[in-house]
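Reviewing the structure listed below.
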Amino acid sequence: MQMPQKVNVLLVGGGAREHALAAAIARSPKLGTLYATHTSNPGIAELAKPVDVPVSSKELYRLAQFCDKHQVELVVIGPEDPLAEGWGDTLRKKPDGTQRLVFGPGARGAQLEADKAYAKQMMRAASVPTAEGKVFQKFEQAEEFLKTRDEVFVIKATGLAKGKGVIVPKTNQEAIAAAKDMLVNRSFGDAGKSILVEEKISGTEVSVLALLDGHNILVLPPCQDHKRLLNNDEGPNTGGMGAFCPADTISDQVMQQIESEVLVPIADALRRDEIEFRGVLYAGIMLTPGGPKVLEFNVRFGDPECQPLMTRLQSDALELLWATAAGTLDQIDVQYSPQSCVCVVLAAKGYPDAPVSGSSITGIEDAEEVEGVSVFHAGTKMNDDGDLVTNGGRVLSVTALGDTMEQARQRAYEAAGKIHFAGMQMRTDIAKDAPVPSPS
Ligand code: AMP
Ligand code: GLY
């Protein structure tokens, strides 16, 4: 479908990822009006108009009607939950029987993230390199299996658990306890009613994201994420405490290997299953001594990986999202800034278990004075007195460009140092060990 001169866009989602997407879309000369479901995010509110209907799965028809009424021609869905709930399928349909473009797969495509057992099966069928795994619904069977093994296994809730449903134990005693917690105590609710018991593998992790439009694959620059809460990769897994891009940990040759051994076979498998996947496929990869292996798939941009990706993107983001949804990625040429980018997440006290809301936040304007810095909002809101306060686990994403990774890192931390709220948590080693690219 030809892109019109001006496009009205609806953005779904309210985190720092979506704020970064909104900022990138808002830079496009082709943008008509940007509408957003989550203008309670003060960063998104500055860039987008609110939707004036309820936003929920139950009343999704109201959001579809909103799109019809406001001639929304492209819907961009940021988070996994609405994708898994089939918002893509519903919002694609127009009353006249034609289709609206949606960036993001429908419910069947979203299963790649929402059901780790399905993803594992698909990887196996497509011979995609991944850790070995077994699925259990019954605790006793999982326990029996784990008891008889010498090597330690990783325990994963198969459903969506906000990036926290993976336990990497030190012993199988701990693995058994984690399995019990999920299967018996239902610590992740229904997301943990079945678990994947997976071979523990080791190596450097990279996030390789690619745009899929149903025909073409456009691989984005690799990123590295820091999932643990504390420095030196200690503490519990979180949604992500920081990221950097490009991740020069990974050579061009290994990127090509990932494209041919992971992305192409999965895109083919989706097509074979008649799943039209138009959006972003995120492969969480571990670079093991035996080659790259997939840890997980997501069907959306990573958060925080999206923040550096959108910040480095020099091409028109709206054209890129449109082309993905329209199936015309082969007609697009994408340019990135040659600069490096580092994103540091500032998290609330108590995150990830029980984040404290309502703490007053200061210093964002000062932070944005630092050269190359943008601050994206996630768990923030304006309170009744008009003050900015914390309102969620990951509060802000401080994102900086620099001529080198080290300069980007210094800028991000200089800016982060200007922001204050009670109990703020921040890793101080984001991108610290980012490899320096070898001179070509
Ligand atoms: P996931 O959400 O599946 O990416 O898992 C979250 C984190 O747990 C990953 O980023 C890894 O650090 C770790 N992890 C997941 N699967 C494994 C595995 N099979 N072996 C070792 N670590 C893993
Ligand atoms: N940063 C990891 C994720 O978005 O799942």
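Under the simplified labelling scheme, the Q71-M382 pair shows an inter-label distance of 2.9 nm, with each label point 7 Å from Cα along Cα→Cβ. The calculated Kirkwood hydrodynamic radius for the chain is 22.1 Å, given to one decimal from all distinct C-alpha pairs. Per-residue surface analysis assigns K49 an accessible area of about 110 Å², computed on protein heavy atoms at 1.4 Å probe radius.
What separates the Cα centres of region 373-440 and region 232-270 is a distance of 22 Å.
With all protein chains in place and a 1.4 Å probe, the accessible surface of region 21-174 carries 49 percent carbon and sulfur.
In order along region 138-150, the phi-based Karplus estimate (6.51 cos²θ - 1.76 cosθ + 1.60, θ = phi - 60°) of 3J(HN,Hα) comes to 9, 4, 4, 6, 5, 4, 4, 4, 5, 4, 8, 10, 8 Hz; Gly and Pro are listed as x.
Between E59 and D429, the modelled labels are 4.8 nm apart [label points 7 Å from Cα along Cα→Cβ].
Both radii are taken from the alpha-carbon atoms of region 273-379; with Rh as the Kirkwood radius, Rg/Rh is 1.03.
What Kirkwood hydrodynamic radius, in Å, does region 214-304 give when the mean of 1/r is taken over all pairs of distinct Cα atoms and then inverted?
On the way: mean 1/r = 0.0692 Å⁻¹.
Averaging 1/r across every pair of different Cα atoms and inverting gives 14.5 Å.
A straight chain from V184 to T33 at 0.36 nm per residue would run longer than the Cα-Cα distance by 49.5 nm.
When the helix-only estimate is applied to the chain (DSSP H runs of n ≥ 4, each -39,500 (n - 2.57), divided by the residue count), what is the mean residue ellipticity at 222 nm, nearest 500 deg cm²/dmol? Per the formula, -8000 deg cm²/dmol.
In summary, region 384-437 shows an alpha-carbon radius of gyration equal to 1.37 times the 2.2 N^0.38 Å reference for compact globular proteins. Taken per residue, the accessible surface of region 115-221 reaches 47 Å², heavy atoms only and a 1.4 Å probe. Note on region 316-440: the alpha carbon radius of gyration divided by the globular reference 2.2 N^0.38 Å gives 1.26. Residues whose amide H falls under 5 Å from that of L101, counting only those 5 or more places apart or on a different chain, are V75, with hydrogens built in the peptide plane. With only Lys, Arg, Asp and Glu charged, each at its Cβ (+1 for the first two, -1 for the last two), find how big the charge dipole of the chain is about the Cα centre; round to the nearest 20 debye. Magnitude of the dipole: close to 880 debye. In plain terms, if you count all Cα to Cα distances in region 295-341 and split them into 10 Å steps from zero, the share in each step is 23, 47, 30, 0 percent.
Summarise the accessible area of region 209-278 (1.4 Å probe, protein heavy atoms) by the percent that is carbon and sulfur.
Working: 1220 of 2910 Å².
Ligands and nucleic acids excluded, carbon and sulfur give 42 percent.
Packing around the peptides 168-174, 378-384, taken as the average count of other Cβ atoms within 10 Å per residue, puts them in this order, highest first: 378-384, 168-174. Across the alpha-carbon atoms of region 103-198, the computed radius of gyration and Dmax are 13.4, 46 angstrom. For the chain, the cysteines with no partner cysteine C-beta closer than 4.7 Å are C67, C306, C341, C343.
Across region 1-132, C-alpha contacts under 8 Å between residues 6 or more apart give a mean separation that, scaled by the residue count, equals a relative contact order of 20 percent.
The values are calculated or read from the model by the stated rules, or taken from the named source; none is laboratory data. Small disclaimer: the values here were computed from a predicted structure and weren't measured. In this analysis, Cβ positions are derived from the backbone assuming ideal geometry, glycine residues included, and neighbour counts consider all displayed protein chains. Just so you know, the surface numbers come from the protein's heavy atoms only, side chains and all, with ligands and any DNA or RNA stripped out. Shrake-Rupley method; radii C 1.70, N 1.55, O 1.52, S 1.80 Å.
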